[in-house]
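The values are calculated or read from the model by the stated rules, or taken from the named source; none is laboratory data. Not measured: the values here are computed from a predicted model. A quick note on method: Cβ atoms are made from the backbone with ideal geometry, for glycine too, and the neighbour counts reach across all protein chains shown. Heads up: the accessible areas ignore ligands, DNA and RNA and are worked out on the full protein's heavy atoms, side chains in. Shrake-Rupley method; radii C 1.70, N 1.55, O 1.52, S 1.80 Å.
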Amino acid sequence: RQCSQCHAENTAFPPGFLHGDASRVRAKLATCAQRMLYRLEMNRLPAAARAKTPMPPPAAAHAAAFQQSPDLTAMRELLQGLLQARGAPGVDVLAHPYSTLAPCRIPTG
């Protein structure tokens, strides 16, 4: 619900990780989990301390409500579970520079 406004199309930017059937979406979420969690975690930091723009971006119409929604907690938990299953950093994702996280490469077409 929250991410589909920008991420449901078959595009490289913004990454279309919600485009496709359920198995493709699950695979894309697993591939992008580190960077997605990082961007969600940016919401916990004051604006001046953010290394990257949080998702959703503060200018998005639904950003303020998203901060208070149970969807944010559910997304964090899902992504952390995906990362733990793969043995990748999850909870401490902010301890790593964004550029060192697994790339979120989604083929288009």
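Scan region 85-96 and give yes if some residue there is of a type outside the set (Phe, Trp, Tyr), surrounded by 14 or more Cβ atoms within 10 Å (Cβ to Cβ) and over 15 Å from residue 30 (Cα atoms), otherwise no.
Within region 85-96, one or more residues are of a type outside the set (Phe, Trp, Tyr), surrounded by 14 or more Cβ atoms within 10 Å (Cβ to Cβ) and over 15 Å from residue 30 (Cα atoms).
Pick from region 45-64 the residues that are in contact (Cβ under 8 Å) with a residue 40 or more places away in the chain and within 14 Å of the chain's Cα centre (by Cα): which of them is most open to solvent (accessible area, probe 1.4 Å)?
52
Filter region 8-27 for residues that are open to solvent by less than 50 Å² (accessible area, probe 1.4 Å) and modelled with pLDDT under 90 and give the result.
Hits for region 8-27 are 11, 14, 15, 16, 17.
So is residue 2 of a type in the set (S, T, N, Q), touching a helix residue (DSSP H, G or I) at 6+ places or on another chain (Cβ under 7 Å), part of a helix (DSSP H, G or I) and in contact (Cβ under 8 Å) with a residue 60 or more places away in the chain or not?
Answer is no for this residue.
Please go through region 28-44 and pick out each residue that is surrounded by fewer than 20 Cβ atoms within 10 Å (Cβ to Cβ) and either among the hydroxyl-bearing types (Ser, Thr, Tyr) or over 19 Å from residue 77 (Cβ atoms) (or both).
31
If a residue must be without any contact (Cβ under 8 Å) to a residue 40 or more places away in the chain and in a helix (DSSP H, G or I), how many such residues does region 8-41 contain?
8
For region 68-78, does any single residue satisfy the condition of being at pLDDT 90 or above, among the charged types (D, E, K, R) and closer than 16 Å to residue 32 by Cα?
Checked against the condition, which is being at pLDDT 90 or above, among the charged types (D, E, K, R) and closer than 16 Å to residue 32 by Cα, region 68-78 yields at least one hit.
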